[in-house]
Amino acid sequence: MAPPLITLKDVMLTFGGRSLFENLNLSIGEKERVCLVGRNGSGKSTLLKVLAGTCEMDRGERVMKRGSHIAYLPQDPEMPPDTTIEHYVADGLPQDQYHDRFRVAMVLDDMQLERERLIGTLSGGEKRKTALARAFVGEPDLLLLDEPTNHLDLPAIEWLEQKLKDFKGGFIAISHDRMFLTHLSQSTLWLDRGQIRRLDKGFEAFEEWADGLLAQEEVETRKLDKLISEEIRWSRQGISARRKRNQGRLRRLSSFRQHRSEQLKQPGIVRGLEAQTGETSSRVVIEARHISKSFGERLVVDDFSIRLLRGDRVGIIGPNGIGKTTLLKLLMGEMAIDSGKIRWGLNLTPTYLDQNRVILDPDRTLWETLCDTGTDQIMVRGEPRHVVGYLRDFLFEERQVRSPVRVLSGGEKNRLVLAKMLARESNFLILDEPTNDLDMETLDLLQEVLDDYEGTILLISHDRSFLDRIVTSTLVFEEKGKIVEYAGGYSDYRRQSPLLFLKEPKNLVPSSKTVSKHPKKMSQRLSYHQQRLLEVLPQEIAMLEEEKIHIEKTLSDQELFAKSPQQFEGLTRRHDQIINELNIKENQWLELAELKENLKDPG
């Protein structure tokens, strides 16, 4: 058996007087593809730093295989603003490879990054791609990735997924993006109360496995100290209880999506509103007719119409900079349209959560942040709640309520912002990137709050799993200002549309100039394998569609979960797998069909 690539032995580490790890042991082999999960504050990022050799241990040993190379992507890397992209990325080359500067040019071309630009002039997404380029440039044996999808748009996330699928080495990834972890991971490390638990399956199997472990542990510790039992129960709430509650919500969301799908099929749905003005206050939230918006010669929104009804939950997706926030502002009346017409329902009480969320005073306590009047009560959407009980809903402990905001972690500050914003009485939530920088625990909490929200939701997000779990329909920026609405979430959109904006993501697919530098002789006909795929893929797609319809018919039985929760969960997982398989096979067929057409007509 080959020796591990890296090993930690009996590691102990304390932080701020609290023990993060004690007698922790871990081995990572070559080409392993691992996701690292755990509660917020459990020490996941610190463990990556220990593996990277950038964090000193109190006790223990770190052993690396001779000659191996590890690259580390921190969650918030230090990036000198006056350094060029080229120099920053080149510093990621190991010393024995530093003369291989051609690798820098290759990775920058691959990511379409301009080598002479200064770091200080880059957007958040561009900085993230630059940091990723630095991690990849040395062709490491092991990548340590801490929230690699932060600030990336959907095209960049899917590009990164493909890059990691093609990567010859191994990786350990921390991410709040469930779909990212599901697509890539082959094993799971769970950091739980200072110890590592290992599952030799990917993230998709984690929640059910963890639920079983915690249930068994709770039984075994019932007679032990109450504090231990409480800690186990608190940990389990984030995995078991939510997972079970979400099954009922999944059925309800499916019903909502079916209803929205029927609405989209109705011809003339926008034109029919004029005779129904009496319903506006109770049913219609926003009606936009043929609106357009340009900035100079750049057309952002072109002839877009939508009718948003009470209870609709609409997601907006597209590459960074394409105009998603502009569309929100147009629909809310914060920005003037160039042409068209917008009508708003009566008695709307919107709550808007923007990307910045700069509403916290670091010197105020959590109690004072929520209760401006100094009382112990907070009005939550018109109903009085005790501030401590309300903070518990957002995973805060009672001992924290009198602490100043400045001592909170990043994830805890995000939870406090959500607690403050979502307490406001409203019937219309507008959320611009609500999942940015949220840990998985807070994402679950936000999903629960939105699931229970009875009003209308309009949101922008790059989190595909979050969109799949929340929205009833998705608005997609396709090209040249065209916006198309698809029933369902992100996976439903991918299944329905052959024209994916991800097919040629801006700034990531090499331009014609780049390709021309490396001309390749192109075959004038399909290979036998390609021709065979072109013939069999339609049959395979048809079989998957048939299986999907059968599963959806079975899942439509409202009593199925009560009668057989295991069958319900198994069918739900298989349904998700089929959607992914359909997406892959449909894309394969489309690419081959397009290639065949191009070979017929190369001009």
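Just so it is clear, none of the values below were taken in a lab; they were calculated from the coordinates. Being a predicted model, the structure only gives us computed values, none of them experimental. Every residue, glycine among them, receives a Cβ derived from its backbone with ideal geometry; neighbour counts consider all protein chains shown.
So the values come out like this:
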item: FRET E, pair Arg197, Arg399, Förster distance 35 Å, beta-carbon r, rounded to 0.05; result: 0.80
item: Given Lys163/Lys548; Lys293/Lys553; Lys341/Lys553; Lys65/Lys201, the pairs whose alpha carbons are separated by over 32 Å; result: Lys293/Lys553; Lys341/Lys553
item: Dimensions (Å) - segment 280-329, Cα atoms, principal axes, largest first; result: 39, 20, 14
item: Paramagnetic reach from Leu299 (point 7 Å along Cα→Cβ, amide N under 11 Å) across segment 439-480; result: 479-480
item: By average C-beta atoms within 10 angstrom, highest first, the peptides 5-13, 338-346; result: 5-13, 338-346
item: Shape call, segment 30-79: gyration tensor on alpha carbons, a/c limit 1.5; result: rounded
item: Listed peptides 444-454, 314-324 by packing density, highest first (mean Cβ within 10 Å); result: 314-324, 444-454
item: Under 17 Å from the Leu348 label point (7 Å along Cα→beta-carbon), backbone N, segment 415-442; result: 425-432
item: Per-peptide average of other Cβ atoms within 10 Å, ordering 564-576, 206-218 highest first; result: 206-218, 564-576
item: Glu116-Lys163 pseudo-label distance in nm [points 7 Å out on the Cα-to-Cβ vector]; result: 2.4
item: Rounded if a/c under 1.5, otherwise prolate or oblate - segment 6-219, Cα gyration tensor axes; result: prolate
item: Ratio of the Cα radius of gyration of segment 325-441 to 2.2 N^0.38 Å, where N counts its residues; result: 1.22
item: Stokes-Einstein D (µm²/s) once Rh is taken as the Kirkwood radius of segment 356-425 over alpha-carbon pairs, at 25 °C in 0.890 mPa s; result: 206
item: Rel. contact order, % - alpha carbon contacts under 8 angstrom, at least six apart, segment 6-219; result: 28
item: Efficiency of FRET between Gln95 and Ser19 - r from beta-carbon atoms, R0 41 angstrom, step 0.05; result: 0.70
item: Candidates per trypsin sites (Lys or Arg not before Pro) in segment 125-190, loop by DSSP, up to 12 other Cβ within 10 Å; result: Lys168
item: Estimated inter-spin distance, Ser68 and His290, nm [label 7 Å along Cα→Cβ]; result: 6.5
item: Estimated inter-spin distance, Glu552 and Gln566, nm [label 7 Å along Cα→Cβ]; result: 2.8
